[in-house]
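Visitor: My questions will all concern the structure given below.
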Amino acid sequence: MTYPLACGVVDPKKFVCKSIPHSWLVDARGVVIWAGHPSGLDESTIEANLKELAIPPVPELPASMSKIAALLKAGSAAKAITELAAHVKKPKTEADGTAAQAAIDATEAFGTAQLAKVDAAITAGKYHVALEILDTLAVQFKGHDIGKKADDKKKELLAGADTKLEMSAAKIVLAAIASAQAGKFDEAQQILAQVALAKKYEATKMVLVAKPMLDAVKAQAAEGAGGGRK
């Protein structure tokens, strides 16, 4: 029987199973959000998580701008835009100026699209996604208008009467995700329980995120504890 295999630098504790075939769905943070027989993984679950996957653009640039390309790959969008603007102002060639402007446009379009994803995540009740995007943009676009908008939006959500508690829960969920990423499933369960099982958050939208996440982490912990086949 022929079937595809993949390998990479991952924590093997995340990927254990008791039977085959077995599949995992991993989100943009590297967290296993679903595990089981492939027939049980529906397209809607995959599509919903793909929408949250953000890949910053790295436009093709002339060799003379290799350092700027490196900045973009590292996520230093604001610094890259500043360097690109200098090439637009005083290009070595017309082609260089055109490439630099196209890179600026693509990078700023990405940032703007990410800000729009924040609103979509809030509407969907995924405040942890919104918080993570805002924190990332604040770093990537520090000193740029997009970074300022991200900071302002976060402050607004943290202070809002209807969103303050949601953001509090979001911070807890992100901490749990970090623990799960490190393979600390027991710790992740304890952290998630602070939202999923606490009366304080029972009326929030984030509890609808935390409960299934808690179940998924428990299942993954049980798989690992059972000495599943790697």
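Visitor: If you bin the C-alpha pair distances of the range 138-195 every 10 Å from 0, what whole percents do you get?
Guide: Each 10 Å bin holds this share of Cα pairs: 24, 32, 33, 12, 0.
Visitor: Further question: Which pairs break 29 Å Cα to Cα here: Lys153/Lys211; Lys67/Lys89; Lys153/Lys184?
Guide: On the way: Lys153/Lys211 26 Å; Lys67/Lys89 18 Å; Lys153/Lys184 31 Å.
Over 29 Å Cα-Cα: Lys153/Lys184.
Visitor: Return the Rg/Rh value of the range 63-159, two decimal places, where both radii are evaluated on C-alpha atoms and Rh is the Kirkwood radius. Present the calculation step by step, with values, prior to reporting the outcome.
Guide: Details: Rg = 15.1 Å, Rh = 14.1 Å.
In the range 63-159, Rg relative to Rh is 1.07.
Visitor: For the range 170-225, with only Lys/Arg (+1) and Asp/Glu (-1) charged at the beta-carbon, what is the dipole magnitude about the Cα centre, in debye rounded to 20? Intermediate results must be reported in sequence, preceding the final value.
Guide: Details: 7 positive and 5 negative charges, 57 e Å.
Approximately 280 debye in magnitude.
Visitor: Let me ask something else about it. One-quarter of the Cα convex hull surface for the range 170-225, in nm²?
Guide: Numbers: hull surface 13.0 nm².
Across all orientations, the range 170-225 yields a mean hull projection of 3.2 nm².
Visitor: If you count, for each residue, the other Cβ atoms within 10 Å and average over each peptide, how do 199-205, 98-104 line up from highest to lowest? Before the final figure, lay out each step's value.
Guide: Details: 199-205: 13.6, 98-104: 19.1.
So the order, starting with the most tightly packed, is 98-104, 199-205.
Visitor: Ok, one more. Show log10 I(q)/I(0) for the range 110-220 at q = 0.20 Å⁻¹, two decimals, from a solvent-free Debye sum over equal Cα scatterers.
Guide: -1.00
Computed from the coordinates by the stated procedures, all read-outs in this text should not be read as laboratory data. On a predicted model such as this, the values are computed, not experimentally measured, just so you know. Neighbour counts are summed over all protein chains in view; Cβ atoms, including those assigned to glycine, are modelled from backbone coordinates with ideal geometry.
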